[in-house]
């Protein structure tokens, strides 16, 4: 595998971020900021939440540093506020009102640093009837209509891991929000609170679909549309070895190449004929079942039929295109996605492995000029986060 080796710290070099430790979309958003070059200090707490794996393997904490602070101790809030006074951004992923009760909510933080961008990551948002309810990715995307778009009509909608809600509708919107607010703060000198709710972001992702729905170009049911598996030349098919190929031959010229390579000339005119889609799907499925995934990969290689093999997580880094680009990299013995996107003038890299809880307290106290933080080390205020999956939202 070709690894990404470009040195550099990224376009956010010099930006300071305080992350109040949690799980899921908050840490991923902070990782993205760290990948882009920000100095992200994760405030872990003794016995805090973990991912159910050892901290050494939690890639969402790469490129960060960690300090250990017990916010429920008498000195805890003051130590965090000392960091806040020198930060540009703070990220927290607790339920509404939790940081206020801990003494590090927006009001005391802005009293210490009026320019601070205070990023809040939740599932339901800071207000509304469900704001105080527990939840996870699958419930958030269920209410927005996006989960109901996925899967076959005769089966329950499948769970799309936690990529659609937590990370696409949550983390990425939080990052866009805090960076936009950071720009505003640098222009005006005034910070603000960014309320990033997974329900809001996931709903926003479906903007195009809502436009198509209003125009009559999208049916409000599963597997009945161009992009949801209803179209026989946009979807996945099983191969002879039980693996799969992905097909996206939407445009006329790509469709023509697709049916030519499948030797389905009888269906050359079936692209726009919905009455033949069932017949076309059966023919395509039969053809794909006649060869293995790797054999079909060779058939479609170098063509514009828009067909690709469906790879596993372990297979993906070895694909020639991804290897050539360095889409995946290896650091500390862990193969992982390289930072994205890419910058011509301020390249990014994986500069360090996952931050271990409390390991950087002394260095951060020195670098951020927060001497009171060093008392944590002297007092022996240490601990390892529990390795259990909890809901911080």
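The values are calculated or read from the model by the stated rules, or taken from the named source; none is laboratory data. All of these numbers come straight from a predicted model, not from anything done at the bench. Cβ atoms come from the backbone with ideal geometry, glycine included; neighbour counts cover every protein chain shown.
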Just give me the residues in the stretch 204-230 being in contact (Cβ under 8 Å) with a residue 24 or more places away in the chain and in contact with a strand residue (DSSP E or B) (Cβ under 9 Å, 6 or more places away or on another chain), in sequence order.
223, 226, 228, 229
Would you point out which residue out of 151, 119, 125 is closer than 30 Å to residue 38 by Cβ, part of a loop (DSSP other than H, G, I, E, B), in contact (Cβ under 8 Å) with a residue 40 or more places away in the chain and assigned by TED's automatic domain parsing to the domain that holds residue 198?
125
Is it the case, given these coordinates, that residue 178 is assigned by TED's automatic domain parsing to the domain that holds residue 32, crowded, with 17+ Cβ neighbours inside 10 Å, on the phi < 0 side of the Ramachandran plot and touching a helix residue (DSSP H, G or I) at 6+ places or on another chain (Cβ under 7 Å)?
no
For the stretch 20-109, which fully contained helices (runs of 4 or more DSSP H) count at least 3 residues that are in the same structural domain as residue 131 (by TED's automatic domain parsing) and touching a helix residue (DSSP H, G or I) at 6+ places or on another chain (Cβ under 7 Å)?
25-35, 76-84
